[in-house]
Amino acid sequence: MKLTPYGAVGEVTGSCTLIETAQARLLVDFGLHQGGREEYQRNLRPLPFRPVELSGVILTHAHIDHIGRMPLLPINGYRGPIFATEATCELGVIMLRDSARLQESDAVRLNRRLEQDGKPPIKPLYTSEDAERVLGLFRPVRYGQSVEVAPGIRARWFDAGHMLGSGSVELTIEDGGQTRVVVMSGDIGHKGSAILRDPEPPPAADLVVLESTYGDRDHRTMGETVAQFTDIVKEAVWDKERVIVPAFAVGRCQQLIYHLHEMRHRERIPVFPVYVDSPMAAKAFEVYKRHKELYDAEARGLDSPGHGVFDLEGLTIVESAMESKELNGSFGCSVIIAPSGMCTGGRILHHLKHNLWRKGVHVLIVGFQAQNSIGRRLVEGADQVRIMGTTVVVRAKVQTLNGFSAHAGQGELLDWASAVKGTRGTPPRFVLNHGEDKPRAVLAEKLRERFKTPVATPAWGESVELS
């Protein structure tokens, strides 16, 4: 029995883990590498395993860095089931259809340039047809339900509190007379996040694969973060300024609308225009409204017929590209929320290109920014950035609100790990993924100090024995 990471080690995107026994090969997540050009090129590498030989596939949640390469599986012969929670399946439909559309449009745009240079055209990573093929393989499961996902391997999902439907997965693996329990943490949420329930760790494991995105630091408290967000928005409202927020259309966008809704009522500030510039977000709102059983107690208490947690006065969902462009010709107070959350593509690039050079503009970074992304350079204080081939001076006020992160901070990761007991009276072993090298190294040392247990930080393709 062994486990091999083929992504999200030394980086926070491209999640992909292969678990192998004598009778099964189980794939856990298969996400896009995101960031700059170098990171995207990793998506084009030959696959390190043969999809046709997989016994099963499971998903922890629907973010594109965990599911974005899924259409490559049927392209390469996989026809088996893909297990995920019901909400993950529904959000995955939205995410993968949008991703395929972007792959196709990016290929069209690049091919125009290649044709001018006399070079042969490229194909998109996958097409809309490929995405539809993989969506037909989705099999929804319930939290706590034990499901055989491959020969000799049963899985149970526990709420990870990271996004709607996200899960930490307990895998009970039987092979050659041995039984081992492996927990895949997935992405663990930040306690107190709006709408979502707090993370629920599985009870016990022999080995835990733990994310380490923020393994080297803690976030500000949610209360402090909401207060800072409120102050920025209030200042912009009174000074008639613009607030631009790069945010994932699924997850972070809904969280921000929830807080703006609260702010409107508690702070008694006037109605002002709020634009969610994403057709995908409109579809995601509908999924959130269908799954109110997954809300935390506070959100359920605030939600009522006609006064739902997303019923924000002044909110406009921008769907057409023309409407999106018109936003950059308008002035005055407004909040514009647009994907992508890591500033690696999408409509946010147009808003940054037209507004970063202006004074009287606030840019709020509310989530992790991958290496080499525009968002990462803004966080690091760049005085100019390249956007779609144009150099743009940064005059806008860039502020980071890490307390809105959908990822647990270091202390929360350690507390979550403490709740997963060993199956043999000693703490489980740990394997750290989904983190850059420095956060992984810091968290590994903290885990060794606290639990006196082995902690591995494998490289891409480096296997860890489970027996």
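The values are calculated or read from the model by the stated rules, or taken from the named source; none is laboratory data. Only a predicted model underlies this, so the values are computations on that prediction, with no experimental measurement involved. A quick note on method: Cβ atoms are made from the backbone with ideal geometry, for glycine too, and the neighbour counts reach across all protein chains shown.
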Inset, instruction - Of the numbered conditions (1) within 29 Å of Leu414 (Cβ to Cβ); (2) surrounded by fewer than 23 Cβ atoms within 10 Å (Cβ to Cβ), Ser185 fails exactly one; give the number of that condition. - result: (2)
Legend entry - Where a residue in the stretch 96-108 is assigned by TED's automatic domain parsing to the domain that holds Asp29 and its partner, wherever it lies, is polar (S, T, N, Q) and assigned to a helix (DSSP H, G or I), with Cβ under 9 Å and at least six apart: Arg97/Ser128; Ala100/Ser128; Arg101/Ser128; Gln103/Ser128; Glu104/Ser128
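Yes or no, residue by residue, for (1) more than 24 Å from Ser405 (Cβ to Cβ); (2) touching a residue at least 24 places away in the same chain (Cβ under 8 Å); (3) in a helix (DSSP H, G or I):
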site: Val250; (1), (2), (3): no, yes, no
site: His259; (1), (2), (3): no, yes, yes
site: Val287; (1), (2), (3): no, yes, yes
site: Glu293; (1), (2), (3): yes, no, yes
Inset, instruction - State whether one or more residues within the stretch 408-427 are in a strand (DSSP E or B), buried (at least 17 other Cβ atoms within 10 Å of the Cβ) and of a type in the set (S, T, N, Q). - result: no
Inset, instruction - Return only the number of the condition from (1) of a type outside the set (A, V, I, L, M); (2) at pLDDT 90 or above; (3) within 26 Å of Glu86 (Cα to Cα); (4) in contact with a strand residue (DSSP E or B) (Cβ under 8 Å, 6 or more places away or on another chain) that Arg290 does not satisfy. - result: (4)
Inset, instruction - Go through (1) assigned to a helix (DSSP H, G or I); (2) within 20 Å of Ala282 (Cα to Cα) and name the single condition Glu319 misses. - result: (1)
Inset, instruction - Quick one: count up the residues across the stretch 124-142 that are buried (at least 18 other Cβ atoms within 10 Å of the Cβ) and in contact with a strand residue (DSSP E or B) (Cβ under 8 Å, 6 or more places away or on another chain). - result: 3
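Conditions tested, residue by residue: (1) more than 19 Å from the chain's Cα centre (by Cα); (2) closer than 26 Å to Val243 by Cβ; (3) of a type in the set (Asp, Glu).
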| site | (1), (2), (3) |
| --- | --- |
| Val361 | yes, yes, no |
| Val366 | no, yes, no |
| Ala370 | no, yes, no |
| Gln384 | yes, yes, no |
| Thr390 | yes, yes, no |
| Val393 | yes, yes, no |
| Glu412 | no, no, yes |
| Gly422 | yes, no, no |
